[in-house]
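Visitor: Here it is: the structure, laid out below.
The values are calculated or read from the model by the stated rules, or taken from the named source; none is laboratory data. On a predicted model such as this, the values are computed, not experimentally measured, just so you know. Cβ placement follows ideal geometry from the backbone for every residue including glycine, while neighbour counts extend to all protein chains displayed.
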Amino acid sequence: MPLGQGPPENYDELITKAYMRCLECKVSLIDVTKRVYTCNNKECSPDPSNGEAVYWCKECNKTTEHAHKRERVKGTAGFPFTSEVDKEHMTDE
Ligand SMILES: [Zn+2]
Ligand SMILES: [Zn+2]
């Protein structure tokens, strides 16, 4: 691979978003059968429809702390980024 064409510096972040991985354990949450939790706070999830959001798996939702209230993602067909993270219900808290 030629110099300058390596992965971008935020590669890991991009991958996390692209594959919708748990913020804590990095397990893939793309499997719709898994329970996925997100934070609807704008600081954490500024644009869920574009993957600008944080997610946790069921286990990490239970075992880790987060500053905001986490909500279960109501996954449907087209999950992850067309799922029901409703911007109207996002808070500025
Ligand atoms: Zn996890
Ligand atoms: Zn948050």
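Visitor: Looking at this structure, is Lys87 of a type outside the set (A, V, I, L, M), at pLDDT 70 or above and away from ligand 1 (no atom under 15 Å from the Cβ)?
Guide: The answer is no for Lys87.
Visitor: Filter the stretch 10-36 for residues that are more than 13 Å from Lys74 (Cα to Cα), of a type in the set (Lys, Arg) and at pLDDT 65 or above and give the result.
Guide: Matches in the stretch 10-36: Arg21, Lys26.
Visitor: Of all residues in the stretch 37-54, how many are crowded, with 22+ Cβ neighbours inside 10 Å, in contact with a Lys or Arg (Cβ under 7 Å, 6 or more places away or on another chain) and closer than 10 Å to Val73 by Cβ?
Guide: Going through the stretch 37-54 one residue at a time, the tally reaches 1.
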